[in-house]
Amino acid sequence: MESEDDFDMQDASESAEDDDFYSGDDAGPAYAFDSDDADDADDYEFIDNDTDDSDDLASHRQQNFSILSEADIRQRQEEDIIRVSSVLSISKVSATVLLRFYNWSVSKVHDEWFADEENVRKAVGLLDKPAVQFPDAKELTCGICFETYPWDRLHAAACGHPFCNICWAGYIGTAINDGPGCLVLRCPDPSCGAAVGQDMIDVLASGEDKEKYYRYFIRSYVEDNRKTKWCPAPGCDYAVDFVVGSGNFDVTCRCSHSFCWNCTEEAHRPVDCDTVSKWVLKNSAESENMNWILANSKPCPRCKRPIEKNQGCMHMTCTPPCKFEFCWLCLGAWTDHGERTGGFYACNRYETAKQEGVYDECEKRREMAKNSLEKYTHYYERWATNQSSRQKALADLQQMQTVHLEKLSDLQCQPESQLKFVTEAWLQIVECRRVLKWTYAYGYYLPEHEHGKRQFFEYLQGEAESGLERLHQCAEKELQVYLNAEGPMKEFNEFRTKLAGLTSVTRNYFENLVRALENGLSDVDTHVPCNRSGSSKSLGGGSSRGRRSKGSTSRSSGPNRNVDDSSHWSCDQCTYANANSATTCAMCQHPR
């Protein structure tokens, strides 16, 4: 986290746009924007900020990827082809064959060609001279259909084997319909490996087949290139060219979809790709259904079908055609039960057998399954709640940008360029909801025995979530006062300072959280979490639309919160727990 000298709430309004979301000391920026999209430098396409300010914002962000349209891809392909053609002194058709063979790596083509040109030609199918001489006759026989045609109705690849145009069209059309393998097409002669270049495709293929071929050709530049990937958003035709080794993998496409370039899942920083993969698999795995069945049902003693008991007495009757009647507790036949065994709501046989240890293993398995299911449900519900809160915040952001900002500008008699602090607050809320959502996946896989790390994680998560709730409340509720006003209000400047300050402080909270999780909570030995009066573990903190959910334990957010640990003091401005040796708050730089 970069410290800010002489910080105050008014400065936060001016400096907020210069700060990237959670750009750690060593890691790259979480979001970068391609130069072609400088006029729209925010994360979402419906943000239409002033052009000059957007350019300033983009210039402050280190770019580690670029967005490619289909025209950009064609241009890059053409540039690579021309470069190889000029350096190796070969035709553009031959250069295209070479680049396709070496996955569009210009440097690889040059290295291999100059190391052993003969072997490269043989492997790729670029013959330096024809294998057979094209006969000099008025009529020739096709090598496939064995029909005789005039010489101008036959074609041959570089090898010289002649085939009629009809057979060539059929051969090429079949290869194209079979898929991208048509890009490495060879001569139809079984003994020949000469490459069939694009020049022959252009002449011999039908219009529909040529369209498919060039679609495969464009795709190959992205799919065969290790530095380029398609945006995974449905219906998006943009590709992302990434600077490999630049650190942070989160990228944002022009379609507004943010995703991880490494695993192509949605952007999930600070959680690593392996954790996300396990979490996504677990959310869709059948194993959770089996855990629920094991924890909440018992098998019928006769037909073994699982049965859930949701109310009533211990007398169970299986569904037809089984219709077996049994005791829910001991699973024995109900004919052996009655008043002597405890009646309908108890089972003496079960209690006796349980004391003797007969049901220990079964009950242990059921208890383990129930605990596992409760833990998963706990984390998943909060993960899903923050996901829905983020979607709602996105909708509110769009509504704010397209409708409310203009209204607010008219009511408060201020230009929209002076109201960017509102947009920045909502962008921060959206990003924080995303980060907070993935912290629950991180918490689920945090080992139970690492109590120090878990306590530190819950403390940081709780502080970040508490700051986010205050920001969301201010941006959602307090702003309505000025939107519903009949005219300018003198308190609006105070509201501007408050919202901009909360945005900056919340960003700092989440910077701490992101940095700690990316470092594997390595600071757990030097940063002891503090138990605050009136606070609770953040695991109960799932919220909807920025407000704490009904079942959550509320936090005291007042400035006079006390810290139980005498070695720390609580900031009156942002409530962060600072070491006693600090004279200014590490979060907001407010003096002690």
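The values are calculated or read from the model by the stated rules, or taken from the named source; none is laboratory data. Quantities reported herein were computed from a predicted structural model and do not represent experimental measurements. With ideal geometry, Cβ positions are generated from the backbone for all residues, glycine too; neighbour counts draw on all protein chains shown. Note: areas computed on protein heavy atoms with side chains; ligands, DNA, RNA excluded. Shrake-Rupley method; radii C 1.70, N 1.55, O 1.52, S 1.80 Å.
Summary table
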read-out	value
Lone qualifier among Asp224, Asp237 - being more than 28 Å from Glu518 (Cβ to Cβ) and out of contact with any Lys or Arg (no Cβ under 8 Å at 6 or more places or on another chain)	Asp237
For Ser522: the one exception among (1) surrounded by fewer than 18 Cβ atoms within 10 Å (Cβ to Cβ); (2) touching a residue at least 12 places away in the same chain (Cβ under 8 Å); (3) under 28 Å from the mean Cα position of the chain (by Cα)	(2)
Failed item in (1) assigned to a helix (DSSP H, G or I); (2) more than 30 Å from Leu185 (Cα to Cα); (3) open to solvent by 50 Å² or more (accessible area, probe 1.4 Å), with Glu211 passing the rest	(2)
Spans of helices (runs of 4 or more DSSP H) in segment 420-489 with at least 3 residues among the aliphatic types (A, V, I, L, M) and either open to solvent by less than 10 Å² (accessible area, probe 1.4 Å) or in contact with a Lys or Arg (Cβ under 6 Å, 6 or more places away or on another chain) (or both)	420-445, 451-473
Residue in segment 130-141 that is open to solvent by 30 Å² or more (accessible area, probe 1.4 Å), aliphatic (A, V, I, L, M), part of a loop (DSSP other than H, G, I, E, B) and touching a strand residue (DSSP E or B) at 6+ places or on another chain (Cβ under 8 Å) present	no
Every residue from segment 187-200 that is in contact (Cβ under 8 Å) with a residue 12 or more places away in the chain and in a loop (DSSP other than H, G, I, E, B)	Cys187, Pro188, Asp189, Cys192, Gly193, Ala194, Val196, Gly197
Residues that are in contact (Cβ under 8 Å) with a residue 40 or more places away in the chain and of a type in the set (Val, Ile, Thr), drawn from segment 99-130	Val124
Every residue from segment 158-186 that is within 28 Å of Trp104 (Cβ to Cβ), open to solvent by 10 Å² or more (accessible area, probe 1.4 Å) and in a loop (DSSP other than H, G, I, E, B)	Ala158, Leu185
Some residue of segment 147-155 being in contact (Cβ under 8 Å) with a residue 24 or more places away in the chain and either open to solvent by 50 Å² or more (accessible area, probe 1.4 Å) or of a type outside the set (A, V, I, L, M) (or both)	yes
Segment 214-232: number of residues that are open to solvent by 20 Å² or more (accessible area, probe 1.4 Å) and more than 24 Å from the chain's Cα centre (by Cα)	3
Members of segment 492-506 that are without any contact (Cβ under 8 Å) to a residue 24 or more places away in the chain and open to solvent by less than 70 Å² (accessible area, probe 1.4 Å)	Phe495
Residues being over 35 Å from the mean Cα position of the chain (by Cα), open to solvent by less than 80 Å² (accessible area, probe 1.4 Å) and at positive phi - total across segment 77-128	1
Residue satisfying condition, being at pLDDT below 80, touching a Ser or Thr at 6+ places or on another chain (Cβ under 8 Å), exposed (fewer than 15 other Cβ atoms within 10 Å of the Cβ) and in a loop (DSSP other than H, G, I, E, B), within set Lys304, Lys323	Lys323
Top-ranked residue of segment 411-444 - restricted to ones that are within 19 Å of Thr503 (Cα to Cα) and among the hydroxyl-bearing types (Ser, Thr, Tyr), ranked as modelled with the highest pLDDT	Thr423
Residue match in segment 396-416 (condition: among the charged types (D, E, K, R) and closer than 26 Å to Tyr445 by Cβ)	no
Selection status of Leu479, of a type in the set (A, V, I, L, M, F, W, C), touching a Leu at 6+ places or on another chain (Cβ under 9 Å) and at pLDDT 85 or above	yes
